[in-house]
Structure formats: C-alpha cells, structure tokens
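> Below is a structure I'd like to ask you about.
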Amino acid sequence: MWWKNNIVYQIYPRSFQDSAETEFPNDGFGDIPGIISRLDEIKELGTGVIWLSPVYKSPDADNGYDISDYLDINPKFGTMADMEKLFAEAKRRDLKIIMDLVINHTSDEHEWFKKSRDPKSPYRDYYIWCPGKIDKRGRRQPPNNWTGFFAGETWEYDEQSGEYYLHLFDKKQPDLNYKNPSVIEEVKNILRFWLDKGASGFRCDVINIIYKTSLEDGKKSLTVQGMEHYKSQEGNHAVLQELRRIVLDKYDCFTVGETVFVELEDAKLLCDESRKELNMLFFFDHLEVDRRVARFIPKKFRARKLLEVMTKWQKGLDWCALYLENHDQTRIVSHFGAERNNKFPGKPGQYWQRSAKMLALFELTLRGTPFIFQGQEIGMTNFDFTGIEEVNDVESRGLNKLMKKFGIPKALRWKWIKASSRDNNRTPVQWDDSENAGFTKGKPWLGVNSNYKKINYASQKNDPNSVLNFYKKLIALRKENRCLVHGDFIPIHADNRIMIYQRKCVTSSAEAEEYTIALNFSYRKIRIPKKFISLFSGTLITSASGEQWDGSLLPWDGILIKNN
Ligand code: TEU
C-alpha cells in the first residue's frame, strides 16, 4: 500500500507561502499559488504526500476548521482553478494530496445551518437543536451540562428558532446530526467531489466524536464534560463503515483519523482492516507525557514515560500514524527538545540544532507513516510572543477567559498559554533571511518568529549539517529500508533522560535486519549502561551530533546503528 511506504508533509496554508497571484496579492496570508511555488522544496525533502489543512470557504472563526462551503475555495487562498492547478502540478511531481475533512461541524454561515434556523426547514434536522431547560427561578438553561473543547459553552441559544444548538467547539461551529441519513449523503458527495478532482484521501477531523448517542448530562470532569455520550459510539463506527464501503473503497485513497482522547481499545476497532473504517489514526498520548489536564499545564518530561506510551501504541496497533507536530501542537524542539528550557525563544540555544535532529531520528525510526509539519524540517521553534494580545488562536483565547474567571493571575495564565498555544506552530514558515522570512511581502497575519535570520530554509539548504539535510537523509534512508518502516518495534531501556529501542525485521534469514536507536533528551553526556552495550555492535549509520560513537551519548544526541 503506497501510503504505508510514504511520508506525509502537512501544509497549514495560511502560514506557508504568500504570493502576489490571488485576488488579495501579498496580503500576509499564505495561499494556493504560494504552495505551488514551493512544491519543488517538498519534493526535494522526499515526502510523497501532502496533507492540506482546510482551504475551503470559511469565515475563519477557527482558521478554516469552520467551513461554509465544502465545494469551494476561500478567496484568500485563491480559486478552484488554482486548486486544480495544484493537483496537476503535484501530480507532475508524483506528489499526492490529501484533503482535510471537517465534518463534525460546519460554520454557522454554511447554507445548511442558515436554513436550519427555521424550525420548519428540511435542514432543521441537519444539526442538533434542543429546547433547553427552565430552572427553579424560571430562567432558561442549556439542555445539558456538557462543556466544550475550547474551554467554553457547548450550547448557543438562537433567538430566531427559540431553541439551542449544540457546538462542541466554537459557537460558530455547530455540530452536524449524524442520526440524519441526509447528512451522511451530503458527506458522501463531498468525498466524491474531492476524490474526483484528484485527492488521494482525507485527514478526518475529530472523527471519533461525530455521532451523539444521547444528550444526557455528562459525568463531572475537569476537561471536556459529556464525552461519554459521543466518543467512539457504535453509531460513529457505523458512519465510518458506510463512508468507506460506499465511497472510499471505490478509489485508490487512504484516511487518517484525528481521534481526540482516543484510547487503544477504540483505536484498534477504528483501524481494524477487516472492519473497514479508517486506515490509520492520530493518537495524542505521546505528546502529553509532560502535560497535565489534557495538555495545558506543563509537568516534568521523562524519557521513560515517552517510551512507555510509544511502546503501547507501536505494539498495540498494526499500523501507526506518526507525528510530533501539527497545527494544534507546539514545536517539538521547544517541547521535547533542548529549546524547552529556553526563556528567549527568539534566540535558539547551543543544542537547538542537535536536539531537532535527535527528534527527527525518533520520529523517522518508528513503525508507521510519518507526518511532518511545515517548518519541523528546519527545526522551527515556538513563537517569541510576549503577551496574549499577539495570540490569534480561538482555543488560547477561550482558555485565557476561563482561567481569568477562576482568578488565575495574568502571569501564570500567560505562562501556560505560551507553553500550549496552537499559535506556536502557526507562525509563518521561515524561508529565508529577508523581511518577514520570505513568507510575504505584506504584513503577516501572525507574527514571524524573530529567530528567522538564524533558522530558515535557505540557509539550511546547502549546509550539509543542517536539520533540513538531516531530515532529507533520514527520509531517503527510510524510503529504501523495509525494516525501518515495517520492522518490529522493540523497547530496550529508558530512564528520565535517555531511551533505547530496536527495530527488527525477520521476514527471512537472508533479509534479517536489525537497528538500534538511542536518544538523549538531556544536557548530560550519558554512558550506555553496560548490560545493553552489546546491542550497539555494528555500523553507525548516522548521529545527530555527527560525532563518532564511543559508548556514551553526547547531550541531546541520537544515534542509529545497523547491527551486524
Ligand atoms: O482539533 C481537534 C481538537 O480537539 C483540538 O481542539 C485539539 O484537541 C486541541 O487543539 C489540542 O489542545 C481539530 C483541528 O485539528 C483543530 O485545528 C480544530 O480547531 C478542531 O478540530 C475543530 O475543528
């Protein structure tokens, strides 16, 4: 299957590359012609598939994850003709494109929702409307006690209809009703439309929560309350099976589900090939090993915990979607890498480069399909914003409001938001050292990190020691190496600072191969414990430091050894 032997590159279009060739030239907002102008860079990296975050029509309440027309393009990104050209230009370079499928909710500006506001409309039942409750004092209250993903309300009262509608995310993102077969028919049309245009699959947004079994009150919870009524429900599995059987299986395509709060048992069902639901999914646990309350409050990082969680998924699932970054996360070098202790993210520290490479080695030596987020391949760091005013993310703003309500002081609120805000990954890609990092000739929609003169694509392109060239090297290696892609994953050892694992392929004795990987997540030079040293005999294929291997791991180093 082509998607197993491939590597996916995620583009978050508004921050990728602005151009002069749209209705809004040089508007500080990345666009489709901008993407076309950078396809050669993506090809050179060695990635064969692009995941395009939403480019559809949208009022942008949640940066395009609130869609007002699934079959049209947001003019800020360009036109449908631009999109068709993108498919053609990608194909010419043998690059496939998967689209972002956001079907849990639409925008409140979608025609379906506008019509749905009329209780008599056939579209009424496309969404989840409810009369609400009257409390003891005769006041109107929402239908249940659910809380939302953006730290806010989940029900919005609509004067025009005299009822509430459900929105698990922003109030501008009403949830669709998957008990209504017409909604499923609409989704099938959306799938066919994009597959016929040339898409090779879909990344499916929050796809394990689309079916709401009941609207009963939820159990008290610190995070999202009410989830037991809609997470991984039987009805959800049935919808996925129907989409797969009726539409997706007719095309040469794959799906990767974004499955929030997913547990291994659910994941096994969702990815079981014989059930025909998803091809693979994104789990979240591994990025939360140093976070509390889902992901908002930092706690100490321990390599042992990371290996433990990764092992659970590597062994538990037949096939994993691998990622360390996306548009909802923070930069991995600032999260698990040496930059996590940097108080001045505008000035990368001594081990910035080495730790970025070590993390590349981690992701690219696991079993599954790796996804690389734009900028990860050059080791981009978290933003260097100084206050909440500079943040655009609807989630961060919701969180700030909620924390304020609870009396959490401003400095602490900022500390937590800085560590978790999705805008960390949404700052413009740093292409070169010209103004605005070569991203735009206008004013960027979100601040460019001031470290762009040091960290940028152009300066890394011809530097053999760059993070970029390390990614290229590992991608090329992985492409010609069955064992690194498909081989068994064998955890060996981990403590607070280092981890060791192996990859093994024993299809036949002639093809038997074995690799040992060791990673150091600390500033200390660490000796490999004696009892494991025999696992390191063989050839050093590569290391993050570029140094020879002498039985110790240098600070933030990572090594890949091919065993004899
Ligand atoms: O994200 C799903 C989601 O639940 C996010 O809120 C995620 O858990 C959070 O950002 C991590 O703290 C998807 C999209 O990837 C995201 O960009 C959208 O905002 C969201 O769905 C709604 O469509």
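> Does LEU402 fit the bill of being part of a helix (DSSP H, G or I) and of a type outside the set (Gly, Ala, Ser)? Can you show your working first?
On the way: part of a helix (DSSP H, G or I): yes; of a type outside the set (Gly, Ala, Ser): yes.
In short, yes.
> I'd like to know if segment 258-268 contains one or more residues that are small (Gly, Ala, Ser) and over 28 Å from ILE7 (Cβ atoms). Before you say what the answer is, go through the steps one by one.
Here is the first cut: in segment 258-268, the ones small (Gly, Ala, Ser) are 267.
Then drop every residue that is not over 28 Å from ILE7 (Cβ atoms), which leaves none.
No, segment 258-268 has no match at all.
> Answer with yes or no whether LYS504 is without any contact (Cβ under 8 Å) to a residue 40 or more places away in the chain, surrounded by fewer than 19 Cβ atoms within 10 Å (Cβ to Cβ) and among the basic types (Lys, Arg). Spell out the reasoning first.
Working: without any contact (Cβ under 8 Å) to a residue 40 or more places away in the chain: yes; surrounded by fewer than 19 Cβ atoms within 10 Å (Cβ to Cβ): yes; among the basic types (Lys, Arg): yes.
Yes; evaluated as a whole, the condition is true for this residue.
> Which one of the conditions (1) crowded, with 23+ Cβ neighbours inside 10 Å; (2) within 22 Å of VAL333 (Cβ to Cβ); (3) modelled with pLDDT of 95 or more does THR440 fail to meet, given that it meets all the rest?
(2)
> Sticking with this one: Scan segment 420-437 for residues that are within 15 Å of the ligand (Cβ to nearest atom) and open to solvent by 10 Å² or more (accessible area, probe 1.4 Å) and jot them down. Before the answer, list the steps.
Initially, segment 420-437 is screened for residues within 15 Å of the ligand (Cβ to nearest atom), giving 420-426.
Correct list: ARG422 only.
> Another question, then. Assigned to a helix (DSSP H, G or I), at pLDDT below 95 and more than 28 Å from GLY487 (Cα to Cα), is that true of GLU339?
Values: assigned to a helix (DSSP H, G or I): yes; at pLDDT below 95: no; more than 28 Å from GLY487 (Cα to Cα): yes.
Answer is no for this residue.
> Taking segment 463-485 as the search range and keeping residues that are outside any helix (DSSP H, G or I) and at pLDDT below 95, which one is least open to solvent (accessible area, probe 1.4 Å)?
The extreme case among them is ASN481.
> Here is a list: GLU325, GLU263, GLU277, GLU308. Which entry is in contact (Cβ under 8 Å) with a residue 60 or more places away in the chain and more than 14 Å from the ligand (Cβ to nearest atom)? I'd like the intermediate steps shown before the answer.
Working: GLU325 fails: more than 14 Å from the ligand (Cβ to nearest atom); GLU263 fails: in contact (Cβ under 8 Å) with a residue 60 or more places away in the chain; GLU277 fails: in contact (Cβ under 8 Å) with a residue 60 or more places away in the chain.
Being in contact (Cβ under 8 Å) with a residue 60 or more places away in the chain and more than 14 Å from the ligand (Cβ to nearest atom) holds for just one of GLU325, GLU263, GLU277, GLU308, which is GLU308.
> Oh, and also: For segment 355-367, state whether one or more residues are hydrophobic (A, V, I, L, M, F, W, C), crowded, with 24+ Cβ neighbours inside 10 Å and in a loop (DSSP other than H, G, I, E, B).
no
> Criterion first (charged (D, E, K, R), away from the ligand (no atom under 16 Å from the Cβ) and either at negative phi or open to solvent by 10 Å² or more (accessible area, probe 1.4 Å) (or both)) does ASP66 satisfy it? Lay out the reasoning, then the answer.
On the way: charged (D, E, K, R): yes; away from the ligand (no atom under 16 Å from the Cβ): no; either at negative phi or open to solvent by 10 Å² or more (accessible area, probe 1.4 Å) (or both): yes.
Spelling it out, it is not the case that ASP66 is charged (D, E, K, R), away from the ligand (no atom under 16 Å from the Cβ) and either at negative phi or open to solvent by 10 Å² or more (accessible area, probe 1.4 Å) (or both).
> Follow-up question, since we're still on this one. Hey, among VAL256, VAL293, which residue is of a type in the set (Val, Ile, Thr), in contact (Cβ under 8 Å) with a residue 12 or more places away in the chain, within 16 Å of the ligand (Cβ to nearest atom) and crowded, with 21+ Cβ neighbours inside 10 Å? Don't jump to the end; show me each part of the working.
Numbers: VAL293 fails: crowded, with 21+ Cβ neighbours inside 10 Å.
Among VAL256, VAL293, only VAL256 is of a type in the set (Val, Ile, Thr), in contact (Cβ under 8 Å) with a residue 12 or more places away in the chain, within 16 Å of the ligand (Cβ to nearest atom) and crowded, with 21+ Cβ neighbours inside 10 Å.
> Consider segment 96-105. How many of its residues are more than 14 Å from LEU71 (Cβ to Cβ), open to solvent by less than 10 Å² (accessible area, probe 1.4 Å) and more than 10 Å from the ligand (Cβ to nearest atom)?
Qualifying residue count for the region: 2.
> In segment 296-322, which residues are farther than 19 Å from GLU265 by Cα, open to solvent by less than 10 Å² (accessible area, probe 1.4 Å) and in contact with a helix residue (DSSP H, G or I) (Cβ under 9 Å, 6 or more places away or on another chain)?
Result: LEU306, single match.
> While we're here: When the residues of segment 106-123 are filtered to those that are over 31 Å from the mean Cα position of the chain (by Cα) and open to solvent by less than 30 Å² (accessible area, probe 1.4 Å), which remaining residue is nearest to GLN173 (Cα to Cα)?
My answer is SER116.
> Where in segment 1-106 are there helices (runs of 4 or more DSSP H), lying fully within it, with 2 or more residues that are in contact (Cβ under 8 Å) with a residue 60 or more places away in the chain?
Values: elements: 32-36, 39-45, 80-92.
Fully inside segment 1-106 and qualifying: 39-45, 80-92.
The values are calculated or read from the model by the stated rules, or taken from the named source; none is laboratory data. Source: prediction; values computed, not measured. Ideal geometry is used to build each Cβ from the backbone, glycine not excepted, and the neighbour counts take in all protein chains shown. In case anyone asks, the SASA skips ligands and DNA or RNA and just uses the protein heavy atoms, side chains included. Shrake-Rupley method; radii C 1.70, N 1.55, O 1.52, S 1.80 Å.
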